[in-house]
Amino acid sequence: MSKRALITGITGQDGSYLAEFLLGKGYEVFGLVRRTSTINFSRIEHIQDQVTLIPGDMLDQTSLQTALAQCQPDEIYNLAAQSFVQTSWGQPVFTGDVTALGVTRLLDAIRHVDPTIRFYQASSSEMFGKVREVPQRETTPFYPRSPYGVAKVYGHWITINYRESYNLHATSGILFNHESPRRGMEFVTRKVTHTAARIKLGMAKELRLGNLDSQRDWGFAGDYVEAMWLMLQQESPDDYVVATGETHRVEELVQVAFDHVGLDWHDYVVQDPRFMRPAEVDLLVGDPSKAGEQLGWEPRVTFGELVRMMVESDLKLLHDSNCD
Ligand code: NDP
Ligand code: GDR
């Protein structure tokens, strides 16, 4: 009998890669999707006939319980969230409701429907915020710097609390930034690669950015979903940092992307206060040694390869849509 997995957030970047990965492992894959007036299944279009989509919303307890009872999963991957940090200042209560309380709703549904279900929580390096040590590891204290980061700290601790209170196999993956050609356009990597491609093709004249000095530990989403799965295959639940261990500045990202299309970024990049944040995180760089030792996981795609892969994909996307 094949294993059954339910993915919340299947329409997002990570959800789409994880669904592909689990299908490749022979899983029966279910995805929770919320009701929208316009269908937004573009990231899972190519596998839509292989997965079962179940209506539900992280804001609605009944729908979560019904979804679990319906698909009876062995594993749940909770990827659903209001995941854009900048938006969390404008919508702090909504962000807390989905990204923090949503985790409790799902854990409680597991407790009532079937406490043997294994649970993965998508925790984030944003929990480290004003970092207490460099690099950050599983034991580093949290100091979140945005309503999003605060919500993720709640989600992280409620996962541990349900693990300890009800003996659930509930695991938290503290993942550092991971990107891909499927990254949302609002995030800095995709904004840079997509705009560099547009400028190259004569479709845009400038790229407006916020803080060019920000630094991040950027990996490839396709590599990171494997770590999520590995965590749920362990005998005991635990917490793991997943990162590359390298950090790069936004300016470096811009340089690699523009170099790849043969342009000098200084001619196109404009700093715009609209994209500055009320508070920034410090030097985020993860120490993935526990994931390496216990899960046998390591990142494969380098920073340069990742940025170039994204630029290439955006060039093709724009070219193809021009030909339509
Ligand atoms: P995305 O923003 O691409 O995807 C978020 C997903 O959550 C979408 O499928 C979205 O659905 C869904 N969602 C949002 N609100 C609800 C709701 N109320 N009910 C049901 N579904 C909802 O995020 P990523 O794929 O990049 O990230 C996945 C998870 O990992 C998130 O929890 C994120 O916070 C976390 N994370 C991500 C990192 C990264 O670098 N990518 C790093 C660390 C953690 P819809 O399509 O309808 O909007
Ligand atoms: P982040 O990703 O906040 O790390 O959250 P994002 O790509 O939005 O920002 C990274 C850094 O780039 C700086 N920056 C800009 N960011 C955006 N979006 N737009 C700009 O124009 C811009 N200019 C500079 C930001 O200030 C920031 O320092 C992501 C999300 O996926 C979260 O859900 C996840 O938890 C964390 O990564 C780990």
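If you go through the stretch 272-318 and pick out every residue that is open to solvent by less than 80 Å² (accessible area, probe 1.4 Å) and charged (D, E, K, R), you end up with 7. Which residue is most open to solvent (accessible area, probe 1.4 Å), if the candidates are limited to the stretch 134-183 and must be within 14 Å of ligand 2 (Cβ to nearest atom) and of a type in the set (S, T, N, Q)? The residue in question is Asn177. If you check Phe119, Phe94, which single one turns out to be open to solvent by less than 30 Å² (accessible area, probe 1.4 Å) and either within 13 Å of ligand 1 (Cβ to nearest atom) or touching a helix residue (DSSP H, G or I) at 6+ places or on another chain (Cβ under 7 Å) (or both)? Phe119 is the lone residue from the list that is open to solvent by less than 30 Å² (accessible area, probe 1.4 Å) and either within 13 Å of ligand 1 (Cβ to nearest atom) or touching a helix residue (DSSP H, G or I) at 6+ places or on another chain (Cβ under 7 Å) (or both).
Scan the stretch 265-291 for residues that are part of a loop (DSSP other than H, G, I, E, B), more than 16 Å from ligand 1 (Cβ to nearest atom) and out of contact with any helix residue (DSSP H, G or I) (no Cβ under 7 Å at 6 or more places or on another chain) and jot them down. Scanning the stretch 265-291 gives Asp272, Met276, Ala279, Glu280, Asp282, Leu283.
Among the residues of the stretch 234-261, those that are more than 15 Å from Asp287 (Cα to Cα) and assigned to a loop (DSSP other than H, G, I, E, B) comprise Gln234, Glu235, Ser236, Pro237, Asp238, Val261. Hey, any hits in the stretch 48-65 for a residue that's more than 14 Å from ligand 1 (Cβ to nearest atom), among the hydroxyl-bearing types (Ser, Thr, Tyr) and over 23 Å from Val150 (Cβ atoms)? The answer is yes; a qualifying residue exists. Pairs meeting the criteria (first residue in the stretch 71-88 and not assigned by TED's automatic domain parsing to the domain that holds Gly9, second residue among the β-branched types (Val, Ile, Thr) and part of a helix (DSSP H, G or I), beta carbons under 6 Å, at least 6 apart or on different chains) are lacking. Only residues that are in a loop (DSSP other than H, G, I, E, B) and closer than 10 Å to Ile10 by Cβ: list them for the stretch 27-48, please. Phe41, the sole residue that qualifies. Looking only at the stretch 69-91, residues that are surrounded by 16 or more Cβ atoms within 10 Å (Cβ to Cβ) and more than 14 Å from ligand 1 (Cβ to nearest atom) come to 4 in all.
The values are calculated or read from the model by the stated rules, or taken from the named source; none is laboratory data. Keep in mind the model is a prediction, meaning the values are calculated, not measured. Cβ atoms come from the backbone with ideal geometry, glycine included; neighbour counts cover every protein chain shown. Surface areas here come from the heavy atoms of the whole protein model, side chains and all, with no ligands, DNA or RNA. Shrake-Rupley method; radii C 1.70, N 1.55, O 1.52, S 1.80 Å.
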